[in-house]
Amino acid sequence: MTTPAQAIPPVRDPIRVLLLENVHPSARETFQTHAETHTYQIETRSTALKEDELIAALEGVHVLGIRSKTRVTARALESARSLLTLGCFCIGTNQVDLDAANRRGVPVFNAPFSNTRSVAELIISEIIALSRQLGDRSREVHAGVWKKVASSCYEVRGKTLGIVGYGHIGRQLGVIAEALGMRVYYHDVISKLPMGNNRSMPSLAALLAESDFVSLHVPETAETKNMIGEAELAKMKRGAYLLNASRGTVVVIPALVDALKSGHLGGAAIDVYPEEPESNTDRFRTELQGLPNVILTPHIGGSTEEAQEAIGREVAAVLSKFVATGATSGAVNFPQVDLPPLKGTHRILNVHRNVPGVLRDMNRIVSDLNANIDSQVLSTDAQIGYLIMDLEQDVSAEVSRRIDELETSIRTRIVY
Ligand code: NAI
């Protein structure tokens with residue numbers, strides 16, 4: 001699809017930032033600590049905005065920050081002429097039309113790792129809670145029932161934890177579990193360096209057969225959909241426990257219910273569901289409700305004060321780095337380029353349609369002006385190319401104007 005060239009209005013300080021949905025104040029602090037290159041004028045609002053409200057609010061805004069409730073549509077992106085970049089102060093990015101943002105030359109960033117520790121700690125607490133049937137005992141005492149039992153209650157020391165998906169969360173979990181005296185096995189589709197004494201298992205089946213606790217930390221993909229169903233649950237040890245704080249589609253809930261009712265599994269801790277309510281006011285139903293030794297939580301794995309603060313810092317840092325240098329490392333919809341700033345040079349950024357000959361046209365413009373390119377980095381994806389160019393001579397305004405006139409150009413910006 002072709003996108004008409006769009007000259008963005010000249011970006012002069014202050015950079016206008018609009019933060020919606022009660023983004024943590026750490027974001028504002030972070031923008032302010034990056035004020036050595038640009039000054040930021042930051043507006044915060046507590047709520048999400050509907051499409052038309054968003055379009056009006058984006059007038060003149062360079063940086064938009066949202067959480068999960070603001071839908072950023074292709075129409076909103078088309079009309080946001082000043083918008084340079086967009087930050088999702090959360091993990092998910094499906095509230096944004098990423099393809100449209102890519103075509104408009106707007107990189108979108110998120111915070112994939114700020115809540116890693118929070119999820120790992122929740123799982124550790126649940127491993128112990130399941131092993132001691134804490135959920136049931138607490139419920140009973142609240143109801144006036146005194147059931148002091150030791151039967152089928154265990155220490156976790158010496159037990160085996162099997163981690164499926166040894167990424168950021170899986171690895172963090174493996175380290176903490178080992179400190180509790182657990183034996184840790186993991187299975188991942190990619191070969192991963194083990195932490196501490198954690199051990200890689202050759203297959204999912206082998207991990208399921210060996211583990212007292214199985215904890216899932218895989219992404220939602222076609223391969224992980226229904227990854228744990230009847231056959232996999234049958235491979236788990238009798239009395240073992242299943243924990244899922246990854247994505248709801250990974251476990252076949254009716255099969256899990258059967259495994260719990262039959263007593264094959266000793267319990268489960270579930271934080272994510274195939275279908276989840278949109279808001280805290282919606283009622284929620286799952287077949288898992290009411291089953292003994294089953295801990296159900298409302299997708300709170302990453303929901304801590306620390307994680308919110310870390311998300312505010314992480315996303316504001318990558319947004320301000322993009323404003324200051326054009327770096328797109330970590331953007332979810334954009335070619336990745338990160339060129340350290342070079343003193344005494346003049347930097348231009350250009351986003352263009354990914355067709356042959358664009359670089360040749362741009363370099364000709366520079367040489368026609370008798371300028372020298374100090375450094376140049378280009379990265380492409382299927383639709384667009386993204387170029388950072390550092391020039392020795394201060395001809396940026398003219399180079400930028402001429403590049404912007406190229407039929408292939410989508411956006412051009414002088415950074416400094
Ligand atoms: P990550 O990307 O760092 O790690 C995922 C790991 O799973 C990778 O090592 C990958 O190679 C592996 N993997 C992918 N497909 C696999 C398969 N078929 N079998 C085995 N391993 C496979 O992700 P991270 O940050 O550790 O997050 C893991 C999950 O936790 C994600 O689904 C994420 O959405 C979820 N999550 C849930 C939260 C909550 O509130 N409950 C909060 C944060 C993340």
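The stretch 29-47 and the stretch 344-381 have Cα centres separated by 30 Å. With the convex hull drawn around the C-alpha atoms of the chain, the volume per residue stands at 164 Å³. Annotation: amide H-H contacts under 5 Å for residue 70 (H modelled 1.01 Å from N, sequence separation of 5 or more, or interchain): none. In this label model, residue 143 and residue 178 are separated by 4.2 nm, measuring between points 7 Å along each Cα→Cβ vector. Under a model in which nothing but the beta-carbon of Lys, Arg (+1) and Asp, Glu (-1) is charged, the stretch 116-296 shows a dipole of about 640 debye around its Cα centre.
Between 312, 144, 92, where does the largest GNM mean-square fluctuation fall for the chain, given springs only between Cα atoms within less than 10 Å? Most flexible of the set in this elastic network: 144.
Residues in the stretch 155-165 carry Karplus couplings, in order, of 6, 8, 4, x, 7, 9, 9, x, 9, 9, x Hz; the curve used is 6.51 cos²θ - 1.76 cosθ + 1.60 with θ = phi - 60°, and Gly or Pro positions show x. Computed extension gain for residue 190 through residue 22, at 0.36 nm per residue and net of the alpha carbon distance, reaches 56.8 nm. With protein chains left intact and a 1.4 Å probe, residues in the chain average 47 Å² of accessible area per residue. Ordering 254, 298, 370 by the projection of their Cα atoms onto the charge dipole of the stretch 237-389, which places +1 on the Cβ of Lys and Arg and -1 on the Cβ of Asp and Glu, puts 370 at the extreme positive end. Residue separation of residue 363 and residue 56 scaled by 0.36 nm, minus their Cα-Cα distance, works out to 106.7 nm of gained length.
In the chain, carbon and sulfur make up what percent of the accessible area (probe 1.4 Å)? That fraction is 52 percent.
Among 143, 316, 57, the residue with the largest mean-square fluctuation in a Gaussian network model of the chain, with springs joining Cα atoms closer than 10 Å, is 143. Net length available on complete extension from residue 338 to residue 279 is 17.5 nm, with 0.36 nm assigned per residue and the Cα-Cα distance removed. Between residue 85 and 64, the built amide H atoms are under 5 Å apart, and every one of these is 5 or more places off in sequence or on another chain.
For the stretch 335-416, the alpha carbon convex hull comes to 75 Å³ per residue, rounded to a whole number.
With semi-axes defined as the square roots of five times the eigenvalues of the C-alpha gyration tensor, the equivalent ellipsoid of the stretch 204-313 measures 25, 17, 13 Å, largest first. Highest GNM mean-square fluctuation among 24, 264, 142, for the chain modelled with Cα contacts below 10 Å: 142.
The values are calculated or read from the model by the stated rules, or taken from the named source; none is laboratory data. Computed from a prediction, not measured in an experiment: that's the story for all the values here. Note that we place each Cβ from the backbone using ideal geometry, even for glycine, and neighbour counts take in every protein chain shown. Accessible surface areas use protein heavy atoms only, side chains included; no ligands, DNA or RNA. Shrake-Rupley method; radii C 1.70, N 1.55, O 1.52, S 1.80 Å.
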